Amino acid sequence: MPPRIRIIAIFICIFLLAYVFELVRRKHLNEEYSLGWLVTGSLMLILSISEDLLIWISDLVGATLFTSTLFFSGLVFLMIICLHFSIRISALTNQVRTLTQHLGILDYEKRTLESVVVQNSLAKNPSVLEKL
Amino acid sequence: MNKLYREKHSNALHADPVALEPSPEESTPSSVITPSLIGFPNTLIVIPAYNEEKNIGKVLEGIRRCAPEIPVLVINDGSRDATPKISRECGAKVISLPFNSGYGVALQTGFIFALKNGYTTVLQMDADGQHDPRYIVDMLQEIQNENLDVVIGSRFLGNNGYKTTFLKRLGMFIFGNLASLFCGQKVSDPTSGFQALKGKAIQFVAGEYYPPDYPDADFIIMLHRFGFKTREIPVIMHPSPDNKSMHSGKTIYYVFKMFLSIIVTLLRQKPKGF
């Protein structure tokens with residue numbers, strides 16, 4: 001692999017790892033969601049540094065260019081991360097749906113109870129009506 | 001008593017569908033033999049509504065005339081207009097969702113409410129006036145008297161002259177035939193939202209297996225796979241006054257979702273408890 005692309009790849013991976021750590025430190029990214037990025041960044045960094053490993057994987061997948069192997073690996077990791085996010089979004093959507101439904105029902109029950117309490121208060125003490 | 005109610009309304013059921021105005025003697029609630037307390041106990045009518053201020057009043061008025069004692073629950077699906085206000089004024093219970101969540105989610109909310117409050121029969125209908133309230137008694141009688149779990153009002157059974165666009169007819173034809181094939185019985189109207197459900201079918205709709213977006217042919221196949229007994233009866237449906245559909249603008253997604261949902265429904269094993 002040409003040294004220039006290797007240096008650029010190493011810099012990008014180090015920047016990605018440092019940025020993810022910083023996001024977690026500032027509480028802008030949950031630890032749960034940082035895992036995929038940290039694993040991806042670390043593996044890409046290892047591939048960029050270790051030429052032997054890159055050659056072995058290139059032979060394995062039949063790639064003629066080492067840079068293709070690097071991009072291909074990055075693409076596979078991103079696909080895994082996107083799928084993971086889709087699963088999480090589906091779970092969150094279902095949770096929001098359930099919360100929405102129960103919130104609506106609870107709001108209805110609250111309004112019904114309020115009207116019952118007001119009616120009972122009026123029945124016991126009609127002077128409340130004058131205050132209202 | 002219920003028979004008397006039916007006989008009293010039998011002329012209205014076959015009258016001009018547009019002529020929903022009651023005759024003077026019918027307009028007095030005390031003159032009508034009310035069905036819910038006699039023949040239809042623990043029954044709830046669920047209507048999901050989104051920005052239906054123009055139609056919801058007429059729909060609730062129609063229900064009040066045809067089935068005055070059956071409680072009506074309107075699920076206000078994040079409407080920005082006067083839908084909840086009009087519904088309350090017409091005597092309906094109103095559950096308001098904090099934001100627009102879609103037809104299936106709103107409908108499922110009604111079933112969760114029904115399950116929580118001990119209703120054993122639920123009739124669902126649309127808020128846009130497509131479903132003729134004069135068939136409510138027909139549907140409830142069918143589900144009460146027969147050994148059925150779900151009764152579906154079909155606009156294509158009998159000669160009711162329902163007209164729609166070519167694309168909609170094509171979709172209904174394809175999904176209707178698929179549903180008929182997998183259910184082993186004729187499904188003439190796979191997109192009908194005019195349905196009555198009872199017992200465990202209510203539990204099923206309120207549960208996790210219900211498809212919350214566009215429950216149509218996949219829902220009917222699901223019911224069959226889960227062992228529920230369904231039957232279609234002829235009803236009259238009117239064209240939507242605003243000419244809008246819940247699938248508007250999302251036709252491609254609807255077709256994709258329906259095919260995918262049917263396939264995974266067929267691959268899914270029947271869960272325990274049904």
Task: Residue list for segment A:103-113, restricted to those being open to solvent by 70 Å² or more (accessible area, probe 1.4 Å) and facing another protein chain (nearest Cβ under 8 Å) - done: A:Leu103
- [ ] Collect the residues in segment B:93-104 that are crowded, with 23+ Cβ neighbours inside 10 Å and within 29 Å of B:Leu148 (Cβ to Cβ), keeping them in residue-number order.
- [x] B:Ile95
Task: Answer from B:Ala201, B:Ala217, B:Ala206 - the residue that is farther than 17 Å from B:Tyr103 by Cβ and either at pLDDT below 90 or not basic (Lys, Arg) (or both) - done: B:Ala201
TODO: For segment B:97-118, indicate whether the set of residues that are more than 12 Å from the chain's Cα centre (by Cα), away from every other protein chain (no Cβ under 12 Å) and either within 16 Å of A:Glu109 (Cα to Cα) or at pLDDT 95 or above (or both) is non-empty.
DONE: yes
Open item on the list: Return the residues of segment A:84-102 that are loosely packed, with under 13 Cβ neighbours inside 10 Å and among the β-branched types (Val, Ile, Thr); say none if nothing qualifies.
Closed with: A:Ile87, A:Ile89, A:Thr93
- [ ] Tell me which residues, restricted to segment A:43-83, are exposed (fewer than 14 other Cβ atoms within 10 Å of the Cβ) and in contact with a Gly (Cβ under 8 Å, 6 or more places away or on another chain).
- [x] A:Ile80
Open item on the list: Under 8 Å between Cβ atoms, which residue pairs at least 6 apart in sequence (or on different chains) link something in segment B:77-106 that is over 18 Å from B:Ile63 (Cβ atoms) with a partner that is part of a helix (DSSP H, G or I) and among the hydrophobic types (A, V, I, L, M, F, W, C)?
Closed with: B:Asp77/B:Val105; B:Asp77/B:Ala106; B:Leu97/A:Leu103; B:Leu97/B:Val105; B:Leu97/B:Ala106; B:Pro98/A:Leu103
Task: Members of segment A:17-42 that are surrounded by fewer than 16 Cβ atoms within 10 Å (Cβ to Cβ) and closer than 17 Å to A:Ile7 by Cα - done: A:Ala18, A:Ser42
Open item on the list: Just the residues that are touching a helix residue (DSSP H, G or I) at 6+ places or on another chain (Cβ under 9 Å) and not aromatic (Phe, Trp, Tyr), please, taken from segment B:85-99.
Closed with: B:Ile86, B:Ser87, B:Glu89, B:Cys90, B:Gly91, B:Ala92, B:Lys93, B:Val94, B:Ile95, B:Ser96, B:Leu97, B:Pro98
Open item on the list: Taking the criterion of being assigned to a loop (DSSP other than H, G, I, E, B), at pLDDT below 95, open to solvent by 30 Å² or more (accessible area, probe 1.4 Å) and more than 14 Å from chain A (Cβ to nearest Cβ), would at least one residue in segment B:67-75 satisfy it?
Closed with: yes
Open item on the list: With the requirement that a residue be modelled with pLDDT of 90 or more, farther than 21 Å from B:Ile174 by Cβ, open to solvent by less than 40 Å² (accessible area, probe 1.4 Å) and out of contact with any Lys or Arg (no Cβ under 8 Å at 6 or more places or on another chain), what does segment B:221-247 give you?
Closed with: B:Ile233
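The values are calculated or read from the model by the stated rules, or taken from the named source; none is laboratory data. These numbers come from a predicted model, not from an experiment. Don't worry about glycine lacking a Cβ; one is built from the backbone with ideal geometry, like all the others, and counts go over all protein chains shown. Just the protein is used for accessible areas: all its heavy atoms, side chains included, with ligands, DNA and RNA removed. Shrake-Rupley method; radii C 1.70, N 1.55, O 1.52, S 1.80 Å.
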